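What follows is a single structure, written as structure tokens, with notes after it.
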Amino acid sequence: MYAYGSAEAEYTEFCITTQIPSEYIRLALSDGQPASFQRLRVQCRGAPPDLRGMSPGLQAERILSDPYLHEIEIEAYDLQDGRVQSGWAWTEAPGIPPQRSMLAYSYSDDGKLQRIVANSELGGTRTVFAARTKTSLKQLSSTLSQRIAGRIIEALQKASFDSPLVVVELPYHPPDNYFPGVVPCTQADADRMADLCLVVAVDPKRWIELVEEDFAPDITEFADRIDYIEQSQTGAKMVRQAARMVTEFGRGQPWAAENFVAFAIDWEFEGGDLAEILKECGADGKTLREWKQRGWL
Amino acid sequence: MQVREVGSGAAKREAHEGLRGTARRREIDQVLVWRLEFGLRRHAIMVAVAGWPICGPMDITEDLRQDLLARWKALFDRMSLLAEAAGRGLRTLYATGDRFGLKAYTPGKFPAGGRTSMTRSLGATTGCTYSTRPDVLFTWPCAIPSIKSTGKECTRTAVRKPSIPSSA
């Protein structure tokens with residue numbers, strides 16, 4: 001449901017089955033300019049498990065007390081000369097600590113918004129908006145693949161491993177995030193692994209973390225553009241292209257095993273296509289057969 | 001520099017504005033606020049010194065958060081009214097849509113197969129998906145009760161978002 005007033009606009013979405021308001025968004029205006037933004041979203045589109053039979057009050061209490069059942073976004077804007085110059089944001093989302101950020105806005109000479117950067121109180125900077133450039137999506141994807149692959153290779157070369165790397169997983173999470181993590185798996189790890197789900201098999205302390213902001217504003221623009229055209233496959237191609245470059249470079253390197261493969265995957269939606277994904281990321285037939293025999297495929 | 005100012009929200013606060021300008025020019029490193037009344041709170045938060053706004057004792061984001069929670073909780077009481085209004089709106093949309101020109105919602109009158117601008121816009125706003133099968137009109141995760149109850153052909157066969165169970 002949409003509701004409009006001179007000083008606010010509201011969006012309300014609810015789940016008919018559970019009778020729970022699944023999403024509520026409010027934009028408050030001051031003299032026609034945005035003053036604040038509020039959003040609350042309930043996980044599972046308003047149908048989280050184990051809430052049946054509860055009173056609405058208890059349901060609300062349960063949803064708000066469980067950080068995995070809701071998301072909250074708050075933004076307050078500072079207007080100067082008729083446009084937002086800075087802002088103040090509060091975020092609560094599953095898996096990350098609640099945090100407050102300062103938003104910095106930058107504009108081009110002709111007044112077009114170019115970039116919004118969130119500086120978190122917990123440390124860290126993230127470009128949350130980047131204006132669309134004239135670069136084609138294909139070119140943007142190609143550039144990002146090369147840059148990400150280059151940085152991964154650099155990180156793998158710098159790291160020290162007790163045995164050569166057999167596989168490197170690049171987990172990513174479309175459509176929210178196309179910037180991959182790096183999970184290296186050595187020969188020693190591989191010998192005791194039952195499957196190729198490295199995010200489970202390898203201790204997170206051994207993951208290699210790249211800094212996403214180093215790839216801004218390109219990565220932000222890329223994600224925004226494919227989100228707009230709803231083509232998450234384009235994002236998948238970009239990450240897998242990066243993985244393929246790492247695979248091709250890694251073969252023959254002292255830190256990589258003979259059949260080394262780097263692959264990018266979102267286990268939630270792509271787990272069933274593992275063999276195809278490995279092939280796309282540069283795994284040859286011999287490697288696939290070998291891994292099938294090991295029970296990894 | 002020392003700034004002391006008392007005034008209502010409507011009055012122009014010259015001293016306060018001067019302080020903000022000085023802070024923006026980075027001519028001062030820190031601001032010590034020894035008394036912050038309610039009316040000054042929002043402006044004080046927006047004074048940026050060394051990249052960080054001063055946060056008053058009552059943070060504006062916390063106020064907005066509490067306001068959001070109160071509004072969201074109040075929606076539970078408005079659920080039945082909202083559902084009825086949503087159903088009414090959708091029925092009107094179907095009946096008066098330029099694409100179909102139907103006087104009233106009539107099951108089975110939609111063109112079989114193919115996506116239309118009407119169904120795309122409905123999909124975007126309601127999360128439901130238009131089926132290309134002639135025997136299935138719509139599929140949706142959170143059913144639209146008015147249409148569900150009137151259309152015998154309507155069956156729940158798919159969901160748009162994988163996170164929503166198809167049995168919902």
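We did not get these values from a lab; they are worked out from the coordinates using the rules stated. Treat the numbers as computed from the prediction; the structure is a model and nothing was measured. Cβ: placed from backbone, ideal geometry, glycine included. Neighbour counts: every protein chain shown.
Placing unit charges on C-beta atoms (Lys and Arg positive, Asp and Glu negative, everything else neutral), compute the dipole magnitude of the stretch A:1-153 about its Cα centre in debye, rounded to 20. Roughly 840 debye, rounded to the nearest 20. Per residue, the average separation of C-alpha pairs within less than 8 Å and at least 6 apart gives the stretch A:176-229 a relative contact order of 46 percent. With an a/c value of 1.5 or above and a/b larger than b/c for the gyration tensor axes a ≥ b ≥ c computed over the alpha-carbon atoms, the stretch A:137-293 is described as prolate. What the phi angles of the stretch A:64-79 give under the Karplus curve with 6.51, -1.76 and 1.60, with θ = phi - 60°, is a coupling list of 6, 7, 9, x, 8, 10, 8, 10, 10, 10, 10, 9, 10, 10, 9, 9 Hz, glycine and proline written as x. Placing unit charges on each Cβ (+1 for Lys and Arg, -1 for Asp and Glu) gives chain A a dipole about its Cα centre, and among A:PRO164, A:PRO217, A:LEU51 the Cα reaching farthest toward its positive end belongs to A:PRO164.
Counting neighbouring beta carbons within 10 Å and listing from fewest to most, the residues A:ASP110, A:ASP78, A:ASP66 come out as A:ASP110, A:ASP66, A:ASP78.
Here chain A is assigned +1 on the Cβ of each Lys and Arg and -1 on the Cβ of each Asp and Glu. Its dipole about the Cα centre then comes out at about 700 debye. FRET efficiency for the A:GLU268 to A:GLN114 pair, using the beta carbon distance and R₀ = 30 Å, is estimated at 0.35. Checking the cross-link pairs A:LYS134/A:LYS237; A:LYS138/A:LYS279; A:LYS205/A:LYS237; A:LYS237/A:LYS279 against a 24 Å limit on the alpha carbon distance flags A:LYS205/A:LYS237 as lying beyond it. Per residue, the average separation of C-alpha pairs within less than 8 Å and at least 6 apart gives the stretch A:82-129 a relative contact order of 27 percent. You can think of it this way: the chain between A:PHE161 and A:THR143 has 3.6 nm of extra reach, that is 0.36 nm per residue less the Cα-Cα gap.
DSSP finds beta bridges in the stretch A:137-293, and of those with both partners inside it, around 50 percent are antiparallel.
Projecting the Cα atoms of A:GLY271, A:HIS70, A:GLN293 onto the dipole axis of chain A, where Lys and Arg carry +1 and Asp and Glu carry -1 at the beta carbon, places A:GLN293 farthest toward the positive end. Round to the nearest 10 and give me the degree value, 0 to 90, for the angle of helix A:218-228's Cα axis relative to the longest principal axis of chain A. For A:218-228 against chain A, the angle is about 70 degrees.
Residues whose amide H lies under 5 Å from that of A:VAL128, counting only those 5 or more places away or on a different chain, are A:ILE116, A:VAL117, A:ALA118; hydrogens are built 1.01 Å from N in the peptide plane.
Remark: relative contact order (chain A) = 11 percent; criterion is Cα-Cα distance under 8 angstrom and separation of 6 or more residues.
Full extension of the chain between A:LEU297 and A:ALA93 yields a length gain of 70.1 nm, computed as 0.36 nm times the residue separation minus the alpha carbon distance.
Label sites at A:ASP284 and A:ALA194, each approximated as a point 7 angstrom past Cα along Cα to Cβ, lie 3.2 nm apart. Inter-label distance, A:LEU122 to A:ASP203: 2.3 nm, where each label sits 7 Å from its Cα along the C-beta direction. Using R0 = 35 Å, the C-beta based FRET efficiency linking A:TYR11 and B:GLU17 works out to 0.50. In terms of other Cβ atoms within 10 Å, A:HIS173, B:HIS16, A:HIS70 run from fewest to most in the order A:HIS173, B:HIS16, A:HIS70.
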